[in-house]
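S.K.: I am attaching a structure below and will ask some questions about it afterwards.
The values are calculated or read from the model by the stated rules, or taken from the named source; none is laboratory data. Because the structure is a prediction, the values reported are computed rather than measured. As a convention, Cβ positions derive from the backbone with ideal geometry for all residues, glycine included, and neighbour counts pool all protein chains shown. These area figures cover heavy atoms from the full protein model, side chains too; ligands, DNA and RNA do not enter into them. Shrake-Rupley method; radii C 1.70, N 1.55, O 1.52, S 1.80 Å.
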Amino acid sequence: MSAGLSALALERRRAAWWFLLPAVVAVLLVAGWPLARTIWFSLTDARLDETAAPAFVGLSNYLLLIEDPDWWNAVRNTVVFAVASVTCETLLGLVIALALNERMRGRGMLRAAMLIPWAIPTVVSAQIWGWMLHDQVGVVNQALLALGLVERPLAWTADPDLALWAVVAVDVWKTTPFMTLLILAALQLLPDEIYEAADIDGLGPVGRFFRLTLPLIRPALMVAVIFRTLDALRVFDLMYVLTGNSAATASMSVYARQQLVEFQDIGFGSAAATGLFLIIALATALLLTAGRVRLGAAEGGR
Amino acid sequence: MSARRLRRHIGRVLFVLLMLLIAFYTVFPFYWAIVTSLKSGSALFGAEPWPAHPAWGNYVAVFRDRPFGRNILNSVIVATSVVAVSLCLGATAAFALGRVAFRGRGVLLAAILAVSMFPQVAVLSGLFELIRWLGLYNSLGSLVFSYLIFTLPFTVWVLTTFMREMPRELEEAAVMDGATPWVVLTRVFLPLMGPALATTGLLAFIAAWNEFLFALTFTLTDDMRTVPVAIALISGASSFELPWGRIMAASVIVTVPLILLVLVFQRRIVAGLTAGAVKG
């Protein structure tokens, strides 16, 4: 009997490998191989407009990259963007999730409304906000002028001092719902009893939040923060649509794609793309250690 | 005593105001897109909250002057195909990862999760070469192929969490009757996983529908563009002359079906988004 069972288990294990094979092959083909090729290209002088076989040039593309102020500007833009937007989204998401967790009329409707920005394609939200932030006839400037908050219309997307913050604002609008929904789901898993105990202990609402709620939802919150940070570090659509290739907002992805496609410099562009990949890998390692989260607990939906 | 009641009332009013503010912030931009799409001529540049003479002109123009119908069809074809492929490959892989204990399972799951975090730019040049080699450049096939990089890991991951929750007794009973793993998957589990497959498929569909970078890079001509690229590339002579009315009309057309889908499947989407993230 036991021999029969283990034969069955063995057959199961063999079947499992066959079940996995198609997906693993697909992932290797669509992600593993292209990544390896990108890294290889980064060590050559390959160009899109040249048919001759590319020559190996060692690390010279990386040396050029390190000396390019535009690259460091892109790194700075990306990091500022990621830190600012994830911080705002987390705080705003917490406030909205706590509010939605209260029993009240219209809660279902508000939660449904929260899904609208999440469902809108990023390109579309960039266009809608580009129109609202239009420097001359945009509704935001008109409202600010009418309220007397500014003296003349602001060039939100053209002014180098404002453009990055405009991009952050659009991202916060678009992705706060994702944060809110994740935090709300965590809040709704908390049992009511812990709050009853807190009432007996005489904790006020503020103490209740910091001493009870926050520590309990911390794992879910950390997962959401990590996921959003990694997503923000590879941002492309928002900058490209709102401000084009403008250096004031260019992210690392925008910079790398510009080198690859517009300047047709496959070697150098691949070095920038590999740089972005390394930075994201580093950020993942740092966040996972700092957050003390199991990798397995994270999960994504864009 | 009455001071305390007053304070409670004020708190209540402030809370309602906060809710209204959040609702306004969330909904207004889309509302404004609808309003703009119904305006024409100089009315476009005014700030009235509802157009005095709502007109469909922008909607007609989007389909008349550009291949927008074709773009929508392209997006539907690409997103549907990539979801179908991902669900087929994802369901079998999830069965192996969720139900069978074997060495290297944890590593494999971690690797799949890592791929879903890949920056798309990092594979751009390698994928571009592969797509040209396969003869898929400037065709919808290039997008169906490349989108697997984010839909497949996502599908495998979510379906694995759902697969784990299937009752063990069901499988044991089938195995006792001599069912092979393939039969267990296709005859026992998949019929029960309808809701899970629908949720996962819907989320992958939305991700594929919204993708921009690959679609911008791997297609060249207007008739191969998908919706996000078409909307991003609508242009005029200058920034001031951008046809904002039409851009907003196109935006509303592609967003309304998504919003309806999301509202109808609200509960499932929230469940799918939070699967794994909260339960761990």
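S.K.: Of all alpha-carbon pairs in the stretch A:135-284, indicate the percentage at a distance above 26 angstrom.
M.R.: So the pairs more than 26 Å apart make up 51 percent of the total in the stretch A:135-284.
S.K.: Let me ask something additional. Per the Debye formula with a single identical scatterer at each Cα and no solvent contribution, what log10 I(q)/I(0) holds for chain B at q = 0.08, 0.15, 0.17 Å⁻¹?
M.R.: The Debye formula, applied to the Cα set alone, gives -0.50, -1.17, -1.32.
S.K.: Between B:ARG168 and B:ALA114, what FRET efficiency follows from the Cβ-Cβ distance if R0 is 22 Å, with the result rounded to 0.05?
M.R.: Approximately 0.15, to the nearest 0.05.
S.K.: Another question, then. Among the complete DSSP H segments of chain A, which ones combine at least 30 Å of alpha-carbon extent along their axis with a mean Kyte-Doolittle hydropathy of 1.6 or more?
M.R.: For chain A, where a helix must reach 30 Å along its axis and average at least 1.6, the hits are A:266-291.
S.K.: When chain B is treated as a GNM, springs tying every alpha-carbon pair under 10 Å, which of B:VAL156, B:VAL85, B:VAL100 comes out with the largest mean-square fluctuation?
M.R.: The residue with the greatest mean-square fluctuation here is B:VAL100.
S.K.: Under 25 °C and 0.890 mPa s, how fast does the protein assembly as shown diffuse according to Stokes-Einstein, given a Kirkwood radius computed over C-alpha pairs? Answer in µm²/s, whole number.
M.R.: Value of D from the Cα-based Kirkwood radius: 95 µm²/s.
S.K.: Keeping the other protein chains in place, figure out the carbon and sulfur percent of the accessible area of the protein assembly as shown, with a 1.4 Å probe.
M.R.: 67
S.K.: If I model a spin label as a point 7 Å beyond the Cα along the Cα-Cβ vector, how far apart are those points for B:ARG187 and B:ARG7 in nm?
M.R.: Here the answer is 6.9 nm between the modelled labels.
S.K.: Using the charge dipole of the protein assembly as shown (Lys, Arg: +1 at Cβ; Asp, Glu: -1 at Cβ; taken about the Cα centre), state which of A:LEU20, B:VAL264, A:TRP156 has its Cα farthest towards the positive end.
M.R.: B:VAL264
S.K.: Run the helix sum for chain B: -39,500 (n - 2.57) per DSSP H stretch of 4+ residues, divided by residue count, reported at 222 nm to the nearest 500 deg cm²/dmol.
M.R.: -23000 deg cm²/dmol
S.K.: Same structure, new question: In a GNM of chain B with a 10 Å cut-off on Cα contacts, which of B:ILE22, B:ILE253, B:ILE206 has the highest mean-square fluctuation?
M.R.: With Cα springs under 10 Å in chain B, the top fluctuation among B:ILE22, B:ILE253, B:ILE206 is at B:ILE22.
S.K.: Right, something else. Kirkwood hydrodynamic radius for the stretch A:22-159: how many Å is it when counted over pairs of different Cα atoms?
M.R.: Result for the stretch A:22-159 stands at 20.8 Å.
S.K.: Where in chain B are the helices, taken as whole DSSP H runs, whose Cα atoms extend 18 angstrom or more along the long axis and whose Kyte-Doolittle mean reaches at least -1.0?
M.R.: B:2-37, B:68-99, B:140-164, B:194-210, B:244-264
S.K.: Using the alpha-carbon centroid of each, what span in Å lies between the stretch B:156-209 and the stretch A:50-74?
M.R.: Taking the Cα centre of the stretch A:50-74 as reference, the centre of the stretch B:156-209 is 47 Å away.
S.K.: How much area per residue is accessible in the stretch B:59-274 when the probe is 1.4 Å and only protein heavy atoms are counted (Å²)?
M.R.: Value returned for the stretch B:59-274: 38 Å² of accessible area per residue.
S.K.: Let me ask you something else. Wrap a convex hull around the Cα atoms of chain A, take a quarter of its surface area, and give that in square nanometres.
M.R.: The Cα convex hull of chain A, projected and averaged over all directions, gives 25.2 nm².
S.K.: Once every DSSP H run of n ≥ 4 in chain A is given -39500 (n - 2.57) and the sum is divided by its residues, what mean residue ellipticity at 222 nm do you get, rounded to the nearest 500 deg cm²/dmol?
M.R.: Value at 222 nm, helices only: -22500 deg cm²/dmol.
S.K.: Measuring from a point 7 Å past the Cα of A:TRP17 along Cα-to-C-beta, which residues in the stretch B:168-198 have an amide N at less than 19 Å?
M.R.: Inside the label zone: B:181-182.
S.K.: For the stretch B:95-138 and the stretch B:241-266, compute the distance between their C-alpha centroids and round to whole Å.
M.R.: The distance from the Cα centre of the stretch B:95-138 to that of the stretch B:241-266 comes to 31 Å.
S.K.: Quick one: putting +1 on the C-beta of Lys and Arg, -1 on the C-beta of Asp and Glu, what dipole do you get for chain A around its Cα centre, in Debye to the nearest 20?
M.R.: 1060
S.K.: Using the crude model of +1 on Lys and Arg Cβ and -1 on Asp and Glu Cβ, and no other charge, please compute the dipole size for the protein assembly as shown relative to its Cα centre, in debye to 20.
M.R.: It works out to roughly 1760 debye.
S.K.: Separate question: Assign unit charges at the C-beta atoms only (+1 for Lys and Arg, -1 for Asp and Glu), then state the dipole size of the stretch B:34-123 relative to its Cα centre in Debye, rounded to the nearest 20.
M.R.: Its charge dipole is roughly 360 debye.
S.K.: Any idea which of A:LEU64, B:TYR25, B:GLY178 is furthest toward the positive side of the dipole for the protein assembly as shown, if Lys and Arg beta-carbons carry +1 and Asp and Glu beta-carbons -1?
M.R.: B:GLY178
S.K.: Moving on. Which value in Å does the Kirkwood hydrodynamic radius of the stretch B:2-55 take, with 1/r averaged over all unlike C-alpha pairs and then inverted?
M.R.: 13.7
S.K.: Given points 7 Å out from each Cα along the Cα-Cβ axis, report the A:ARG105 to A:LEU203 separation in nanometres with one decimal.
M.R.: 3.2
S.K.: If you bin the C-alpha pair distances of the stretch B:92-149 every 10 Å from 0, what whole percents do you get?
M.R.: Whole-percent P(r) values from 0 Å outward: 20, 36, 27, 16, 1.
S.K.: Contact order normalised by length for chain A, with contacts defined as Cα pairs under 8 Å and 6 or more residues apart; what percent is it?
M.R.: Once divided by the residue count of chain A, the mean separation gives 28 percent.
S.K.: Longest span of chain B, sites excluded, free of chymotrypsin sites (Phe, Trp or Tyr not before Pro) in DSSP loop with at most 15 other C-beta atoms within 10 Å?
M.R.: B:103-280
S.K.: Could you report the buried accessible area between A and B, both sides summed, computed with a 1.4 Å probe and given in Å² to the nearest 100?
M.R.: About 8400 Å² of accessible surface is lost on pairing.
S.K.: Plugging the Kirkwood radius over Cα pairs into Stokes-Einstein for the stretch B:28-180, at a temperature of 10 °C and a viscosity of 1.306 mPa s, what D comes out in µm²/s?
M.R.: Answer from the Stokes-Einstein relation: 79 µm²/s.
S.K.: What does the average come to when, for each residue of peptide A:238-250, you count the partner chain Cβ atoms lying within 10 Å of its Cβ?
M.R.: For peptide A:238-250, the averaged partner shielding equals 1.
S.K.: Over all alpha-carbon pairs in the stretch B:145-280, figure out the percentage whose distance exceeds 18 Å.
M.R.: Of all Cα-Cα pairs in the stretch B:145-280, 67 percent lie more than 18 Å apart.
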